[in-house]
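Chemist: Here you go, one structure.
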Amino acid sequence: MNAPLKNRLFHDAKTQISAEAAAFAARPKQLFIDNTFRDAVDGGVFASEDPATGIKICDFAAATSSDVDAAVRSSHDAFENRWRDTTPAARAALMLGLANLLTEHVDELAELESLDNGKPLSVTRSLDIPFAIEIIRYYAGWATKLTGKTFGLSLASHDYHGYTLRAPIGVVAGIIPWNYPFLQAAFKLGPALAAGCTMILKPAEQTPLTAIRLAELIVEAGFPKGVVNILTGFGRITGAALVDHPLVRKVSFTGSTQVGKMLVQAASGNLKRVSLELGGKSPLIIFADADLDVAILAAANAIFGNSGQVCVAGSRLFVERPIYDKVMQGIIDHAQTLRIGAGLNEDTDLGPLVSAVQRNRVAGYVEEGRKAGAEIVLGGEPLDGPGYFYPPTVLLGTTPDMVVQREEIFGPVLCSTPFDSAELVLPLADHDEYGLAASIWTRDLSTAHMMARKIGAGAVWVNCHGVFDPHLPFGGFKQSGWGQELAQEGVEAYTSVKSVTMKL
Ligand code: ADP
């Protein structure tokens, strides 16, 4: 099984960007503090680039500790004097107003996201931006539905009346990665604002563009100043200063496990709450009785979608031995039809990786797999520039001891392994460190439920992969994270429970 790479890389026209989005993209960007835009105190800037060409989009202000301090004080003031005591109904109305406003700007936001991140416009338009808006809308509903409990005390129920309240935690830093920039902003802002917290959002330095457009729309939607502040800058400077600041009460982080661990230590200064959505190395397990046409397509999408830059990417594929060759051939055949190009090109299925660093990282992993004895049957070499393109890549015969099977590659690189039974695949599929997600493909109900119960992952999909819903909690086991996002669990994570006891 050795397949030539047939994918075509095209840099030619059909690139879509409206005049409005282009004008916004070209302007230098400032920090968003107190509903105003301002330069960094020290005047520092950094550039974001179009990963399809390597060409600079524009400069962004790079926040340092004095900017962080100004933003935190603004957020603190907004929390103490405005947002905490805004009625839940008023908070909900503002959030719904924002969701409606964002809906009017879906196309523009989708173009900006594709430009900055490189992902296909068809995806940003149909998934990233609309799903982000649905999350804001969903959490607007929660603003008016957060309640405590009322109960008699267990030892003296007639003498005391007890109840609990859910108090917002306070100023929260939302630190987000580059793979779903706008969607991740909504994952953080939706529950934080609904709960009555104020938030300082720090987008990733690779993809800050849509966050600044969001800032403009937050002002237009009428949010009081300081409820949302947005700071662009580097992780080790802006992010670290946020994690360090004593008035920040919680850090909600999505990113690498390595940075997550550093952040836990840094947050211990004032014992901030920390919630973490970290890396994964998710198995996709296909049994011989599965609907193979559906499973093959889903397995390909699970690793090549978003160019593999997905925390729940189905990066480890386990296929029951009798159907292994058929499934792998099906995935390769499908991968060869994917059109690689700039995200802004309407015909693109697979965009570039986000940066040169990421492309080199992915290439390095594939080389390591090759040296360790994996058979590369598709792709395996970066595509010639400009831009940071890496083709769909399929590795056969990978084993759990190989680095490519152990570490998160975050690229379109599929590691595959045949298996002989449910009992034998479980120890292979269960990762020692990661436990973010898994999917199981079978028509047998017992196998499906047994595997779902036994596999060590926070999200298990049966006969589907990567299905998210605002009302389904999402969070990792093991070193894939602390806590959950989305759903009731997600908003409660921005509150503290206060118990009130009254002597009758
Ligand atoms: P990736 O490896 O995918 O780039 P990171 O975990 O490095 O992911 O980055 C995710 C987010 O964390 C980004 O917004 C980044 O700026 C931020 N970040 C990186 N390092 C730190 C740090 N030391 N403290 C706080 N935030 C950080």
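The values are calculated or read from the model by the stated rules, or taken from the named source; none is laboratory data. Quick caveat: nothing in here was measured; it's all calculated off a predicted structure. In this analysis, Cβ positions are derived from the backbone assuming ideal geometry, glycine residues included, and neighbour counts consider all displayed protein chains. The area values use the complete protein model at the heavy-atom level, side chains included, leaving out ligands, DNA and RNA. Shrake-Rupley method; radii C 1.70, N 1.55, O 1.52, S 1.80 Å.
Chemist: So for each of 30-36, 109-115 I average, over its residues, the number of other beta carbons within 10 Å; can you give me the resulting order with the highest mean first? Intermediate values should be presented prior to the final figure.
Modeler: On the way: 30-36: 20.3, 109-115: 28.4.
Ranking the peptides 30-36, 109-115 by packing returns 109-115, 30-36.
Chemist: Determine how many Å³ per residue the convex hull of the Cα atoms of region 312-376 encloses. All intermediate terms of the calculation are to be shown ahead of the outcome.
Modeler: On the way: hull volume 7.9 nm³, N = 65.
Dividing the Cα hull volume of region 312-376 by its residues yields 121 Å³.
Chemist: Under a 1.4 Å probe, what is the accessible area of the chain per residue, stated in Å²? Intermediate values should be presented prior to the final figure.
Modeler: Working: 19500 Å² over 504 residues.
About 39 Å² of surface per residue is accessible.
Chemist: Over the Cα atoms of the chain, compute the convex hull volume and normalise it per residue, giving Å³. It would help to have the intermediate numbers written out before the result.
Modeler: Values: hull volume 75.8 nm³, N = 504.
Spread over its residues, the Cα hull of the chain gives 150 Å³ apiece.
Chemist: Let me ask something else about it. If R₀ is 41 angstrom, what is the calculated FRET efficiency for the pair residue 87 and residue 59, using the beta carbon separation as r and rounding to 0.05? Please list the in-between numbers first.
Modeler: Values: r = 40 Å, r/R0 = 0.98.
So, using R0 = 41 Å, E works out to roughly 0.55.
Chemist: Roughly how many Å² of residue 417 are accessible to a 1.4 Å probe, to the nearest 10?
Modeler: 10
Chemist: Checking a compactness column here: for region 11-67, what do you get for Rg(Cα) / (2.2 N^0.38 Å), N being the number of residues? Please report the intermediate quantities before stating the final value.
Modeler: Numbers: Rg = 14.0 Å, N = 57, 2.2 N^0.38 = 10.2 Å.
It is 1.37.
Chemist: Taking 8 Å as the Cα distance limit and 6 or more residues as the minimum spacing, I'd like the relative contact order of region 12-72 as a percentage. Intermediate values should be presented prior to the final figure.
Modeler: Working: 71 pairs, mean separation 19.5, N = 61.
Relative contact order of region 12-72: 32 percent.
Chemist: Right, something else. Taking the alpha-carbon set of region 224-309, what are its Rg and Dmax in Å?
Modeler: Taking only Cα atoms of region 224-309, I get Rg and Dmax of 19.2, 57 Å.
Chemist: Which order do the peptides 258-265, 205-212, 478-485 take when ranked by the mean count of other beta-carbon atoms within 10 Å per residue, highest first?
Modeler: Numbers: 258-265: 16.6, 205-212: 24.6, 478-485: 21.2.
Top of the packing list down: 205-212, 478-485, 258-265.
Chemist: Quick one: pull the percent of accessible area on the chain belonging to carbon and sulfur, 1.4 Å probe, ligands and nucleic acids left out. Numbers along the way, then the final one.
Modeler: Numbers: 10650 of 19500 Å².
Whole-percent figure for carbon plus sulfur exposure: 55.
Chemist: Taking the C-alpha atoms of region 400-502, how large are the radius of gyration and the largest Cα-Cα span, Dmax, in Å?
Modeler: Considering region 400-502 through its Cα atoms, Rg and Dmax are 16.9, 63 Å.
Chemist: Over the chain, what is the percentage of antiparallel beta bridges among all DSSP beta bridges, to the nearest 5?
Modeler: On the way: 30 of 70 bridges.
Here the antiparallel bridges make up roughly 45 percent for the chain.
Chemist: For residue 428 and residue 464 in one chain, what is 0.36 nm times their gap in residues minus the Cα-Cα distance, to one decimal in nm?
Modeler: Values: separation 36, 0.36 × 36 = 12.96 nm, distance 2.04 nm.
So the extension gain works out to 10.9 nm.
Chemist: Mean shadow of region 13-150, computed from the convex hull of its alpha carbons, in nm²?
Modeler: Values: hull surface 43.4 nm².
If you wrap the Cα atoms of region 13-150 in a convex hull and average its projections, you get 10.8 nm².
Chemist: I've got another one for you. Taking a label point 7 Å from the Cα of residue 236 along the Cα→Cβ vector, which residues of region 20-48 have an amide N closer than 17 Å to it?
Modeler: Answer for region 20-48: 45-47.
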